Each structure stands twice: as C-alpha cells, then as structure tokens.
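Please treat every number below as a calculation from the coordinates, not as lab data. Everything quoted here is computed from the prediction, not taken from an experiment. Backbone-built Cβ (ideal geometry, glycine too); neighbour counts: all protein chains shown.
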Amino acid sequence: MGTMTIDGRKVEFTDEKNVLTVIRNAGINIPTLCYHSEVSTFGACRLCTVEDDRGKTFASCSEQPRDGMVIYTNSGRIKKYRKLIVELLLAAHCRDCTTCVKSGECILQELAHRLGVRDIRFENTREQHEIDDSSPSIIRDPNKCILCGNCVRACEELQGIGALGFAFRGTEAMVMPAFNKKIAETQCVNCGQCRVYCPTGAISIRTHMDEVWDALADKDTRVVAQIAPAVRVAVGDHYGLTKGRSVMGKIVNALHRMGFDEVYDTTFSADLTIMEETKEFLNRVEKGENLPLLTSCCPAWVKFITDQYKEYVPNISTCRSPQGMMSAVIKEYFRDPEHAAGKKTVMVSIMPCTAKKAEAIRPNSFTDGEQDTDIVITTTELLRMIDNFGLDFATLDPEACDMPFGFGSGGGVIFGVTGGVTEAVLRRLSPDHSKEAMHEIAECGVRGEEGIKEFTVPYKGMDINVCVASGLANARTVMERVKNGEANYHLIEVMACRRGCIMGGGQPTRSGDRTKAARARGLYNADNTMIIKKSDENPLVLELYEGLLKGKEHHLLHNEFYI
Ligand code: SF4
C-alpha cells in the first residue's frame, strides 16, 4: 500500500505487482508488446518505459511500485524513445499490413498509428524465412516475428508444452521449434494460445473462410452451421455491444443472411455428450475400470494425453466431442433422401478453438469413411465473414436456431467455461430438479477461474472425487499427481485453454481480465435464463434417442480409438 505521483496526480496502490499495472489502473493505457499479466515478465520490448523525477528511465513492467515514486509516462524524451522502438521494429518487419491476416488487430500496427510513426528511416536487412504452414490450426510467419517471446512463454508456462523457443543470437535471433522442425512435427497440441499472445501476424489462425464462401455459392449444396457455446459471448464486443453478453440470436440471423441453409446450436450436442459421458462414467465406476475418467471434449487435451501420457489413453472418455457428435448426427439426418432433397450437405462448425480444425480431420472424426465436420471456422473468422458481407451486426434482430437440432439445455451452454462439463454431469446425476439443487451444484466448488479445482460430491452412498483443470501446465500437475498415486480422482475435466473455451485460441484477442470475466458471466447468465437446465430434460435429445439414434448411439456418438 502506498501512493505515487503519475503525471502530476497522486495515485494510490495496494498489491499491484508492477508500476505498469498501477499506471494502467490510473487510466493510462501504457503501450507494451510483451507484457501479459498471466505469463512471466520478459521486459523485452521496452515500450512501457517511463521516466522518474530524477530523469531515470525504466521499463514499468519490471519495476515494483514504491511509496513516493514520481513517474512521467509521456515526457518528450519518452515519446521519442517509444517512437524509435516502433520504427526499429518496423524496419525489420515484413510490412504487408494491408493484406496481412492480422490487419486491424495487430498491436504493432496499432502502435505505429498511435505513436505517429509515418516513415521508416532504416533499411530492412533481415533475412527472409520460410512460412511454416504445416499445422492444421495455425500458420507461423517468422518474417513478422518481433521476438517479444510471448508465444514461447504462453506455450511453456501456460501449456507446459514448450513447442517454441529462441534460437541464435543478436540480429540472427529467431523464435522457432527445436532443431528448426515444422510446428506439426513437435508436440504442439493446436490450442492456438501462441496466436492469442502474439501481438503481430507472426502466428495466425489457419483460415477456412474461402471454403465456406465457396460452399455457400454452390446451389447444389446445403450448408449447415453449428455454433459452439463460447462463440456467442465473444462476438458482441467487436460491434460495441455489451462485453460478454450472449448475442446468439444475432449470429443466427447473420448466418441466415449469408446464405446458411440451417443453423444449429452445439449446446444440443453438448447435451448428448452429457447423456453419453454420464452413462459411461457410471458404468466405469460400477466396474471400477479405467478411472479416473478423462473428459474428451477438448481436442488439445486429448492430443496432450495421447502424446505424453499414453498409458492413460484408455481413461479418455470414448465420447466424441460436441462438435463431433453434432456433425455425425446431422450428416446421418441428411442421409435420409427425404431430408436431403437432392443436395449434398456441407457441415460448417463455428468454434472458439483452433484445435477443432485438427480434430475435424482426425481419422476418428469420420463416420463410414466420410468426414463429419467439413469445415471449421473460428469466432475470429466468423467476425471477418460478417464484416466482409457488410452486415450491420449491432442492428440485426435475434433469430432462433433451426430445428430439430437448435436447442440445448443450460447444462449445454456452460460447456464453454471451465467446470461447465462437470457441472452438467452433476446436474444429470442429481435426481432433484429444483432450483435449490442446481444452486447447490453450482456452489460445490466446480465454478471459479482457478487453474485446478478439487472437490468431492456424494452420489448414492459413495464419494465422487472430481478434479477440474484448465491450462495444460495445470493438467500436467494433475496427471503427475495421478501417476504418482498422490491423487485419487474418479473424474477429471480438462480444458486446454485457461478458463475454458471462452479463452480459446480462435477467439478475438485483446481480452483483458474484464473481458475474461464477462465471457464467463455471459454463459452463466445465458444458463440462468433457460427453463431447462439438465441435459436429460431436453425434449429434442430424448426424441433423438427414440428416433434417429436408436441402435446407432455408439456408432455416431463414440470413438473406437484415439490417435
Ligand atoms: Fe479448444 Fe476449448 Fe480445448 Fe481451448 S479449451 S483447445 S478452445 S476445446
């Protein structure tokens, strides 16, 4: 606790970890390219440099606040210094801003504009490097890398993977996978967190928008969309609407206007997942086999286990992910000539996730030799498509999803936030449907943004030990405890991205703590407004079991193997 003077104003601080945070809390958006509160401080870009009353300059991210400090954030000297840093970065940077995939959300581009950099006085002597497009999820362009190290720290510290690192020194320095391998040859899990933390176009989403436009233009094709829960709370922000508010109805309207024939809600298949996963869980508990059950909704987590904890592959739930279940069911539905009406079905899934692109092409995402999900686009690509089409999104009226796959329960909606899958399972296990029972489940320890949550719930005379983790570095801690016999769980839910899919690798970036909290709140609010909270009360799901799914549950909703 103390007071400092920032640009002539007294500012109090408490336990802020650095001067940069105090300055930002005081309402000054100090620029930085390499500072993120959730990864370690690197202090590489120096853009957050400030000056004190003795003329000493220092990077505010790396300095602890002290009582009595006097700071100038925008002195003439500091302004010149910042401008020079950006100019030097741009001198060594590929400057195809108008055609760059990151244009409009590139922080370097924004800073050049904000700091008034109008010309580059230095020659670019940097060697050009090959673009790595080996991954199904991301593209790595070393020519746009500014060596901030954000991707390296996100991959290492948040995900515990370490697929990227620094190589060489001085002007030769580069970020790359070890031994200059292609990213697809590493243990990269396709989560896209490197892309979230990258301030430029050095790591970007592998986009599939053109494939969607082509399908929409084809008159002989029925284009069907499914929208994942986390997408609806990450779109409104972009159009100046309330942060984190669900705009599902507007998204449905936008997709209909673009020409999608059917628009369905992935919360429907999240309900299917809960039906199947709960059954599988109880079966394993009864037999005492393959416990703890590891959830299978997140493809990055599944890849993490299959790459690094092979002995636990039998523990992964055989349930397909909600994306996989939805696509398999829809393809089956349109296999009926009456529903097909002579058209080919193209299944487009709209996800917060870059790893879903990899999941869609996994061999076990095919049914009877046909790929279930044809195209996966992320929330970020959806925004580009809406902008490209010229829709005035904020003024669109909400529309309902199409039937019969356009409705999910509250349990399906909360899949997008860490703990949501488990909470939906606990709702399913509860014989009590009352509001009080739902509230009690929500309070059992399953909610909250902690990276590892552990709790025990009673069920028919036994104690069920549950662990919910988000972020693969946390997942590794959990799996090591399980491996060493230090923990005895029955169920482990892991979402590879910290806080769950709301912070997925395909979501719009620039999301500070307020955005993260607002997205989680947005999903819980959406759940609050729903009359049906439990997956087993979704009448459309029950109808499906009695109809199309009869005798085909395992074939359409489960995987036989993991690779
Ligand atoms: Fe994708 Fe969600 Fe897993 Fe992140 S947590 S990799 S967004 S499924």
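The table below gives the values:
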{"item": "Dimensionless Rg over Rh [the chain; C-alpha; Kirkwood]", "result": "0.98"}
{"item": "Cα centroid separation - region 474-491 against region 180-251, whole Å", "result": "32"}
{"item": "Filter on Lys102/Lys182; Lys331/Lys357; Lys219/Lys550 - keep pairs with C-alpha separation over 25 Å", "result": "Lys219/Lys550"}
{"item": "Span-rule helices in the chain, defined as complete DSSP H runs reaching 30 Å or more along the axis (Cα) with Kyte mean at least -1.0", "result": "266-287"}
{"item": "Radius 15 Å from Cβ of Phe281, net charge of other residues (Lys, Arg +1; Asp, Glu -1)", "result": "-3"}
{"item": "Kirkwood Rh and Cα Rg combined as Rg/Rh, region 166-220", "result": "1.17"}
{"item": "27 Å Cα-Cα reach of Lys453 towards lysines, excluding residues that sit fewer than 8 places from it in its own chain", "result": "Lys17, Lys243, Lys279, Lys287, Lys303, Lys310, Lys356, Lys435, Lys483, Lys516, Lys533, Lys534"}
{"item": "For region 401-464, convex hull of alpha carbons as volume per residue, Å³", "result": "103"}
{"item": "Rg/Rg_globular for region 110-195, with Rg_globular taken as 2.2 N^0.38 Å and Rg from C-alpha atoms", "result": "1.22"}
{"item": "Summed residue charge, Cβ within 15 Å of Lys356's Cβ, Lys/Arg positive, Asp/Glu negative", "result": "+1"}
{"item": "Tail weight of P(r) past 18 Å, computed on alpha-carbon pairs of region 468-548, percent", "result": "63"}
{"item": "Length-normalised contact order of the chain in % [C-alpha pairs under 8 Å, at least 6 apart]", "result": "15"}
{"item": "Long-range amide H partners of Ile316 with built H, under 5 Å", "result": "Leu294"}
{"item": "Bins of 5 Å from zero: percent of alpha-carbon pairs in region 210-263", "result": "4, 20, 25, 20, 16, 10, 4, 1"}
{"item": "Selected from Met176, Ile78, Cys100, residue furthest toward positive end of dipole (region 35-194; charges at beta carbon)", "result": "Ile78"}
{"item": "Net charge, Cys467 excluded, C-beta distance under 11 Å - Lys, Arg +1, Asp, Glu -1", "result": "0"}
{"item": "Integer Hz, Karplus 6.51/-1.76/1.60 couplings in order for region 3-9, x for Gly and Pro", "result": "9, 10, 10, 10, 6, x, 10"}
